[in-house]
Every structure is written in structure tokens, then in C-alpha cells.
Amino acid sequence: MRKVSFRNNRDEKALSNINVTPLVDVMLVLLIIFMITAPMMKSGMKVNLPKAEAKEIKKINDIVVSITKDKYIYVNKTNVNINLLKDTLMNIFSNRKKKVIFLEADSSVPYGYVVHVLDVIKKAGIEKVGIVVKPKKRKR
């Protein structure tokens with residue numbers, strides 16, 4: 001018996017077209033999710049930062065110590081008493097090699113209090129402290 005084929009020899013090539021519609025759908029959904037969640041990813045508290053002409057640094061970790069105008073201290077949006085700040089930071093950095101913190105303080109906080117907080121941070125064994133400021137607008 002002879003086999004009957006409904007295809008020509010020319011039709012037996014593999015299809016090389018890729019349907020990208022599901023990929024585009026997934027990418028659009030991810031884009032919308034990231035657009036909604038990105039503003040929520042900012043760490044630190046809302047403080048009125050002082051202005052300074054300084055180069056912008058890239059945050060290499062997510063630990064931000066914030067001092068509000070009422071002298072409340074927050075570590076990544078968690079309120080911490082000044083007396084417990086050293087122990088809190090030592091616990092956070094106990095398993096980390098690089099010990100870097102970003103400090104942001106409201107511009108109305110007295111300089112002496114900021115220095116006191118810096119002293120506590122240094123006593124906790126933090127090697128580097130980055131001071132977060134609001135960039136000044138440059139004159140053209």
C-alpha cells in the first residue's frame with residue numbers, strides 16, 4: 001500500500017515564526033506593576049533635607065538612618081530610641097562585610113544632635129557614613 005500525504009515537499013519546512021503577543025502582554029503587565037511599586041521603594045523618612053552642592057552618590061545598600069525635625073530617629077522607617085540605636089545597628093550589620101549607612105537629617109535639627117547620632121553610629125562599628133542632602137539648583 002501506498003501512503004497518501006496531504007502535504008507537498010515544499011510545505012514540510014519547520015515554522016520559524018514566534019508568537020510574541022504573550023511576551024508583550026507579560027511585559028506590559030510587569031511595566032505597570034513596576035510603575036506602581038517604584039515610588040514605594042524609597043527608603044528613609046520624609047525629612048526637609050539641607051541643600052548642598054555635592055556629587056550624587058549611588059546607594060549601595062538599603063540602610064538609611066533618618067532624623068526628623070522632632071529628633072525622632074528612624075532606621076529604614078522603623079522608629080528607634082537613641083539609646084537602642086547602637087545595638088540595633090550592630091544587629092543589622094552583624095553578618096555584613098561592608099558597613100555603610102546613609103544619614104539624612106532634617107535641616108532644622110541642631111548640629112550637635114546630628115553629631116551625637118553620628119557618634120553612636122561610629123560606636124556601632126559602621127565604617128562609612130554618607131550624608132544625604134538635597135542638591136542645589138545650579139545657576140546657568
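The values are calculated or read from the model by the stated rules, or taken from the named source; none is laboratory data. Computed from a predicted structure; not experimentally measured. Quick reminder, even Gly has a Cβ in these numbers, built from the backbone with ideal geometry, and neighbours come from all protein chains shown.
In region 83-96, the condition of being of a type in the set (S, T, N, Q), in the same structural domain as Val65 (by TED's automatic domain parsing), out of contact with any Asp or Glu (no Cβ under 9 Å at 6 or more places or on another chain) and closer than 17 Å to Val64 by Cβ is met by at least one residue. Beta carbons closer than 7 Å, at least 6 apart along the sequence or on distinct chains, pair a first residue in region 120-134 that is over 14 Å from Asn91 (Cα atoms) and in contact (Cβ under 8 Å) with a residue 12 or more places away in the chain with a second that is acidic (Asp, Glu) and surrounded by 15 or more Cβ atoms within 10 Å (Cβ to Cβ) for Val132/Glu104.
What residue, among those in region 34-47 that are part of a loop (DSSP other than H, G, I, E, B) and at pLDDT 65 or above, is nearest to Pro135 (Cα to Cα)? Steps first, please.
Taking region 34-47 and keeping what is part of a loop (DSSP other than H, G, I, E, B), we get 42-47.
With at pLDDT 65 or above added as a condition, the list becomes 46-47.
On the way: Lys46: 16, Val47: 14 Å.
Among those residues, the one meeting the criterion is Val47.
Take region 99-140 and flag every residue that is under 17 Å from Asp70 (Cα atoms), of a type in the set (Val, Ile, Thr) and part of a loop (DSSP other than H, G, I, E, B). Within region 99-140, Val109 is the sole residue that qualifies. Screening region 101-140 for residues that are farther than 18 Å from Leu85 by Cα and among the β-branched types (Val, Ile, Thr) and picking the one that is nearest to the chain's Cα centre (by Cα) gives Val132. The number of residues in region 60-98 that are surrounded by fewer than 18 Cβ atoms within 10 Å (Cβ to Cβ), in a loop (DSSP other than H, G, I, E, B) and at pLDDT 85 or above comes to 11.
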